[in-house]
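The values are calculated or read from the model by the stated rules, or taken from the named source; none is laboratory data. These numbers were taken from a predicted model, which means no experiment stands behind them. Cβ placement follows ideal geometry from the backbone for every residue including glycine, while neighbour counts extend to all protein chains displayed. The protein model used for the area step is the full one, side chains on, heavy atoms only, and it has no ligands, DNA or RNA in it. Shrake-Rupley method; radii C 1.70, N 1.55, O 1.52, S 1.80 Å.
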Amino acid sequence: MMTPTDDVAAKTQAGDEALLAGDPAKARALYLEALAQTNHRRRSGLVARLGFVGHHLGAALLEIQRTIEAQGHTPVFVSDGMAVWHKSNAFVQQPAFLSVVEKHAYLLPLPNWHWNLQTVLWAVLQARSLAGDFVELGVFRGHTTAVTAEHIRFASWNRRWYLYDTFNGIPEDQLNVGWSGMNETAYKGTYSYEEVRDRFAAYPNIDVIKGRVPEIFQEVCPQRIAFLHMDLNSAVAEIAALEQLYDRIVSSNRRSSIAAPAPGTAYRPARPR
Ligand SMILES: C[S@@+](CC[C@H](N)C(=O)[O-])C[C@H]1O[C@@H](n2cnc3c(N)ncnc32)[C@H](O)[C@@H]1O
């Protein structure tokens with residue numbers, strides 16, 4: 001007789017076969033059925049698999065997921081650029097978080113951003129007890145802030161969140177070496193200021209600001225910053241931003257509030273502060 005655990009395993013296997021055979025609808029249905037039947041460590045693999053469905057990297061990520069699972073390691077969670085196993089990932093047991101992540105996943109062309117979002121969520125909740133506003137440098141289509149703001153119901157918070165972007169990619173003179181092609185394909189004409197402004201229209205305390213970092217800070221800049229999320233993919237721009245903003249970050253939070261610097265950004269204040 002098939003046990004519930006066997007049934008979950010069989011559905012997962014059938015879902016994998018459907019995904020590899022190019023039938024994402026069937027794969028998704030089977031993974032969701034399996035997910036509804038288990039609270040076990042297998043949830044991690046199922047949540048990860050749901051993120052693979054319909055993505056052009058899906059088959060490759062599934063192979064990594066299955067290779068690690070086959071070694072007997074659980075839980076396993078594979079995402080774009082990161083594979084994690086033997087680590088607690090409590091978010092797979094949090095339906096409210098999973099649902100808001102899935103709702104906004106289309107805003108980012110990278111599957112399974114859950115770990116990054118959990119890190120931002122943690123930092124934002126830390127920053128809640130500090131005086132100061134929130135800042136995101138590099139917004140793209142608003143993915144991270146859309147997920148976080150909705151999950152924490154930011155509209156009711158007595159804080160502002162300033163979102164800065166050119167909405168036209170990284171300025172040519174700030175490109176990291178080798179980034180020209182990526183700048184063209186990922187950012188040129190793929191999103192707009194208007195789209196992102198409208199996305200946050202329901203939040204009276206979120207300001208979407210079009211401009212180049214760091215020059216735009218001459219026009220709009222909060223006095224005190226409790227949370228700074230830097231995600232410009234440009235070391236030059238991020239260092240220039242920190243030169244201007246570092247002293248505005250409330251001092252007890254200077255380490256924990258700076259999230260996600262670009263590769264190559266190794267910032268040390270030029271003078272002791
Ligand atoms: C990695 S994406 C941001 C992703 C976003 N944080 C998210 O979570 O979805 C980088 C963004 O930084 C913006 N950017 C890069 N350099 C900039 C600069 N100097 N000033 C303003 N925006 C910039 C680009 O236009 C691009 O939208």
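Scoring Ala29 on the criteria (1) closer than 30 Å to Thr190 by Cβ; (2) open to solvent by 40 Å² or more (accessible area, probe 1.4 Å) leaves a single failure, condition (1). Listed by first and then second residue, the pairs linking a residue in the stretch 96-113 that is not assigned by TED's automatic domain parsing to the domain that holds Leu62 to a residue that is within 14 Å of the ligand (Cβ to nearest atom) and among the aliphatic types (A, V, I, L, M), with Cβ atoms under 7 Å apart and 6 or more places separating them unless they lie on different chains, are Val100/Val147; Val101/Leu117; Val101/Val147; His104/Ala146; His104/Val147; Leu107/Ala146.
The set of residues in the stretch 222-248 being of a type in the set (A, V, I, L, M) and open to solvent by 10 Å² or more (accessible area, probe 1.4 Å) consists of Leu232, Ala235, Val236, Ile239, Ala240. The criterion of at least 3 residues that are within 13 Å of the ligand (Cβ to nearest atom) is met, among strands (runs of 3 or more DSSP E) falling completely within the stretch 60-140, by 133-137. If I filter the stretch 214-221 for residues that are of a type in the set (Val, Ile, Thr), within 15 Å of the ligand (Cβ to nearest atom), open to solvent by 30 Å² or more (accessible area, probe 1.4 Å) and under 24 Å from Tyr106 (Cβ atoms), do I get at least one hit? Looking through the stretch 214-221, none of the residues is of a type in the set (Val, Ile, Thr), within 15 Å of the ligand (Cβ to nearest atom), open to solvent by 30 Å² or more (accessible area, probe 1.4 Å) and under 24 Å from Tyr106 (Cβ atoms). Please tell me if Asn168 is surrounded by 14 or more Cβ atoms within 10 Å (Cβ to Cβ) and near the ligand (Cβ under 8 Å from one of its atoms). Considered against the rule, which asks whether it is surrounded by 14 or more Cβ atoms within 10 Å (Cβ to Cβ) and near the ligand (Cβ under 8 Å from one of its atoms), Asn168 comes out as yes.
Table: residues versus (1) under 28 Å from the mean Cα position of the chain (by Cα); (2) aromatic (Phe, Trp, Tyr); (3) in a helix (DSSP H, G or I).
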residue	(1), (2), (3)
Met2	no, no, no
Asp6	no, no, yes
Ala10	no, no, yes
Ala14	no, no, yes
Ala18	yes, no, yes
Ala27	yes, no, yes
Leu30	yes, no, yes
Ala34	yes, no, yes
Gly45	yes, no, yes
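Just one of (1) under 12 Å from the mean Cα position of the chain (by Cα); (2) within 26 Å of Lys210 (Cβ to Cβ); (3) surrounded by 19 or more Cβ atoms within 10 Å (Cβ to Cβ) fails for Asn112. It is (2). For Asp207, work out the one condition from (1) in a helix (DSSP H, G or I); (2) over 15 Å from Phe140 (Cβ atoms); (3) more than 10 Å from the ligand (Cβ to nearest atom) it doesn't fulfil. The single condition Asp207 does not satisfy is (1).
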